[in-house]
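Sharing a structure, written as structure tokens. Questions coming.
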Amino acid sequence: MTNNITKHQNIPILRFPGFSDPWTEKKLGTLSDVRDGTHDSPKYHNKGYPLITSRNLKTDGSIDFDNVNLIALEDFMKINKRSKVDIGDILFGMIGTIGNPVLIRHDNFAIKNVALIKEKQDLINKYLFQYLKSSYIDKKFYQKNAGGTQKFIALGLIRDLGIPTPSLPEQQKIADFLSSIDSWLDNLRAQKSFLESYKKSIMQKIFSQKIRFKDENGKDYPEWEEKKIDQLGDVIGGGTPDTSMSSNWNGDIDWFTPTEIKDKYIYDSKRKITKTGLKTSSARILPPGSLLLTSRATIGYVSISRKESTTNQGFQSIVVNSYNSNEFLYYWITANRNMLLRKANGSTFLEISGKDVRKTIVNTPCLPEQHRIADFLTSIDKSIDFKQKQIAEAELWKKGLMQRMLV
């Protein structure tokens with residue numbers, strides 16, 4: 001590739017050898033056949049044909065077929081008379097989810113409120129797909145988003161979108177090169193997905209005792225014992241200081257809400273409270289290593305605190321005692337979240353009480369085996385995290401390339 005110093009006259013910074021002509025910009029509607037899916041609301045069935053909407057278009061360029069509505073053959077045929085999706089077409093989200101273009105590799109489904117772009121003579125869809133994934137497109141549609149609460153882009157705006165277009169041979173070169181990076185990314189994502197599936201499967205086998213660990217001498221550990229969570233540690237609720245009192249807030253004490261519980265370890269909260277806020281509320285200081293367990297609305301999500309912290313009332317946190325491993329209990333809760341959900345009740349929102357958390361039964365190995373289990377599962381998590389880091393770095397590298405290869 002050649003590396004020019006600046007963009008000028010619709011010429012990208014980075015180009016393949018043999019290409020020097022300026023690119024021309026034309027409206028997408030003049031280059032491609034741009035239409036959309038049905039605007040009707042067909043009846044859904046337990047069996048039938050998938051009806052894809054914007055929410056099924058994923059950021060990685062694939063379609064989520066696990067969460068689709070199914071329609072009858074009659075509706076499927078009716079929709080496809082107007083907007084049949086073929087292999088090589090592009091789908092583009094118009095309502096709710098804007099963008100997330102997908103280059104179609106498998107067909108036999110219908111679409112609703114999704115733009116459908118079919119290739120014609122002067123614009124290769126594989127090139128267009130890469131362009132539609134660029135930051136340039138994100139900025140364009142962010143400016144033109146017509147929706148209020150609901151994000152929305154009209155089909156006319158998509159047709160009027162200006163597409164800088166090189167010659168067909170250069171389009172093909174760019175498409176092939178960027179597609180090869182996509183294949184590499186797909187492979188990394190597949191590796192990560194495999195590790196996640198393996199972890200889920202192996203946890204089920206470990207906690208059902210289908211797999212047991214040996215000690216350092218190759219001997220069996222003692223049999224597991226049924227224990228209540230309150231035998232493994234103290235269960236502590238949280239609280240919220242008076243939000244109208246400024247003296248309670250913007251201090252140096254971490255104060256977590258359930259929406260912040262996403263990763264295994266948690267460090268800093270979005271909001272912090274003062275010592276006054278702590279004294280005047282039911283929030284309590286939790287030591288480092290505590291399990292912050294969500295107990296209201298989003299139930300059963302858990303993180304391990306790395307620092308002293310507090311929580312709001314949407315938690316029943318567990319301070320694990322010295323006879324047990326907080327990491328082991330973290331993984332047990334992760335594997336048995338559905339058990340906690342079944343214990344929840346409430347009319348306004350679901351909630352699991354501290355009493356129900358305390359009396360939850362955990363099949364518990366001895367402490368050395370707890371450590372062996374936690375160390376093994378932690379090693380899998382590290383492999384997953386490494387794959388995610390590789391994916392993030394590859395995505396960033398590709399984004400930088402696209403900024404230089406496209407105008």
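The values are calculated or read from the model by the stated rules, or taken from the named source; none is laboratory data. All values derive from a computational prediction rather than experimental measurement. Using ideal geometry, Cβ is built from the backbone for each residue, glycine included, and neighbour counts are taken over all protein chains shown.
Run residue 160 past the list (1) under 24 Å from residue 85 (Cβ atoms); (2) outside the structural domain of residue 88 (by TED's automatic domain parsing) and report the number of the one that doesn't hold.
Among (1) under 24 Å from residue 85 (Cβ atoms); (2) outside the structural domain of residue 88 (by TED's automatic domain parsing), the lone unmet condition for residue 160 is (2).
The rows are residues; the columns are (1) free of Cβ contacts under 8 Å to residues at least 12 places away in the same chain; (2) out of contact with any Leu (no Cβ under 9 Å at 6 or more places or on another chain).
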| site | (1), (2) |
| --- | --- |
| 237 | no, yes |
| 244 | yes, yes |
| 253 | no, no |
| 266 | no, no |
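With respect to residue 161, is the statement that it is under 30 Å from residue 399 (Cα atoms), in contact with a Lys or Arg (Cβ under 6 Å, 6 or more places away or on another chain) and at pLDDT below 95 true? Break it down stepwise before answering.
Numbers: under 30 Å from residue 399 (Cα atoms): yes; in contact with a Lys or Arg (Cβ under 6 Å, 6 or more places away or on another chain): no; at pLDDT below 95: yes.
Judged against the criteria, residue 161 is not a match.
Let me ask another. Scan region 1-19 residue by residue and report those that are within 17 Å of residue 162 (Cα to Cα) and either modelled with pLDDT of 90 or more or of a type in the set (Phe, Trp, Tyr) (or both).
Hit for region 1-19 is 12, nothing else.
Still on this structure, I have one more. Considering only region 69-94, state which residues are closer than 26 Å to residue 138 by Cα and surrounded by fewer than 18 Cβ atoms within 10 Å (Cβ to Cβ).
Those that are closer than 26 Å to residue 138 by Cα and surrounded by fewer than 18 Cβ atoms within 10 Å (Cβ to Cβ): 86, 87, 88.
With the structure loaded, tell me whether residue 372 is over 21 Å from residue 204 (Cα atoms), at pLDDT 95 or above and either out of contact with any helix residue (DSSP H, G or I) (no Cβ under 9 Å at 6 or more places or on another chain) or not aromatic (Phe, Trp, Tyr) (or both) or whether it fails that test.
Details: over 21 Å from residue 204 (Cα atoms): no; at pLDDT 95 or above: yes; either out of contact with any helix residue (DSSP H, G or I) (no Cβ under 9 Å at 6 or more places or on another chain) or not aromatic (Phe, Trp, Tyr) (or both): yes.
In short, no.
Each row is one residue, and each column tells you yes or no for (1) assigned by TED's automatic domain parsing to the domain that holds residue 335; (2) polar (S, T, N, Q); (3) touching a strand residue (DSSP E or B) at 6+ places or on another chain (Cβ under 6 Å).
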residue: 210; (1), (2), (3): no, no, no
residue: 213; (1), (2), (3): no, no, no
residue: 230; (1), (2), (3): yes, no, no
residue: 235; (1), (2), (3): yes, no, yes
residue: 238; (1), (2), (3): yes, no, yes
residue: 243; (1), (2), (3): yes, yes, no
residue: 251; (1), (2), (3): yes, no, yes
residue: 258; (1), (2), (3): yes, no, yes
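Shifting gears a bit: In region 225-251, which residue that is within 33 Å of the chain's Cα centre (by Cα) and exposed (fewer than 13 other Cβ atoms within 10 Å of the Cβ) is farthest from residue 269 (Cα to Cα)?
Here the residue is 243.
Does residue 222 meet the test of being loosely packed, with under 14 Cβ neighbours inside 10 Å and touching a Cys at 6+ places or on another chain (Cβ under 8 Å)?
yes
Related question: Given the conditions (1) on the phi > 0 side of the Ramachandran plot; (2) touching a helix residue (DSSP H, G or I) at 6+ places or on another chain (Cβ under 8 Å); (3) surrounded by fewer than 17 Cβ atoms within 10 Å (Cβ to Cβ), which single one is not true for residue 65?
(1)
Residues that are surrounded by 15 or more Cβ atoms within 10 Å (Cβ to Cβ) and among the β-branched types (Val, Ile, Thr): list the helices (runs of 4 or more DSSP H) wholly contained in region 314-407 that include at least 1 such residues.
326-335, 354-358, 367-405
If I ask for residues that are in contact with a strand residue (DSSP E or B) (Cβ under 7 Å, 6 or more places away or on another chain) and surrounded by 14 or more Cβ atoms within 10 Å (Cβ to Cβ), which ones from region 11-25 would you list?
13, 14, 15, 23
Going through region 254-281 one residue at a time, which ones are crowded, with 19+ Cβ neighbours inside 10 Å and part of a strand (DSSP E or B)?
Correct list: 254, 255, 256, 266, 273.
I would also like to ask the following. Pull out all pairs, ordered by first then second residue, where Cβ-Cβ is under 6 Å, the residues are six or more apart or on different chains, the first lies in region 310-327 and is under 16 Å from residue 267 (Cβ atoms), and the second is surrounded by fewer than 20 Cβ atoms within 10 Å (Cβ to Cβ) and of a type in the set (D, E, K, R).
Close Cβ pairs (under 6 Å, with a partner that is surrounded by fewer than 20 Cβ atoms within 10 Å (Cβ to Cβ) and of a type in the set (D, E, K, R)) do not exist here.
Which of the following residues is under 28 Å from residue 255 (Cα atoms), free of Cβ contacts under 8 Å to residues at least 40 places away in the same chain and touching a helix residue (DSSP H, G or I) at 6+ places or on another chain (Cβ under 8 Å): 356, 381? Can you show your working first?
Values: 381 fails: free of Cβ contacts under 8 Å to residues at least 40 places away in the same chain.
The match here is 356.
If you check residue 247 against the conditions, is it out of contact with any strand residue (DSSP E or B) (no Cβ under 8 Å at 6 or more places or on another chain), among the small types (Gly, Ala, Ser), in the same structural domain as residue 319 (by TED's automatic domain parsing) and assigned to a helix (DSSP H, G or I)?
yes
Of all residues in region 117-131, count the ones that are part of a strand (DSSP E or B) and surrounded by fewer than 18 Cβ atoms within 10 Å (Cβ to Cβ).
Looking only at region 117-131, we keep the residues that are part of a strand (DSSP E or B), and these are 117-118.
Right, trim to surrounded by fewer than 18 Cβ atoms within 10 Å (Cβ to Cβ) and you get 118.
Residues flagged as part of a strand (DSSP E or B) and surrounded by fewer than 18 Cβ atoms within 10 Å (Cβ to Cβ) within region 117-131 amount to 1.
Select from region 104-138 the residues that are within 22 Å of the chain's Cα centre (by Cα) and not acidic (Asp, Glu) and list them in ascending order.
Answer for region 104-138, where residues must be within 22 Å of the chain's Cα centre (by Cα) and not acidic (Asp, Glu): 104, 114, 129, 130, 132, 133, 134, 135, 137.
Are any of the residues in region 285-306 under 23 Å from residue 363 (Cβ atoms), in a loop (DSSP other than H, G, I, E, B) and of a type in the set (Phe, Trp, Tyr)?
Scanning region 285-306 turns up no residue that is under 23 Å from residue 363 (Cβ atoms), in a loop (DSSP other than H, G, I, E, B) and of a type in the set (Phe, Trp, Tyr).
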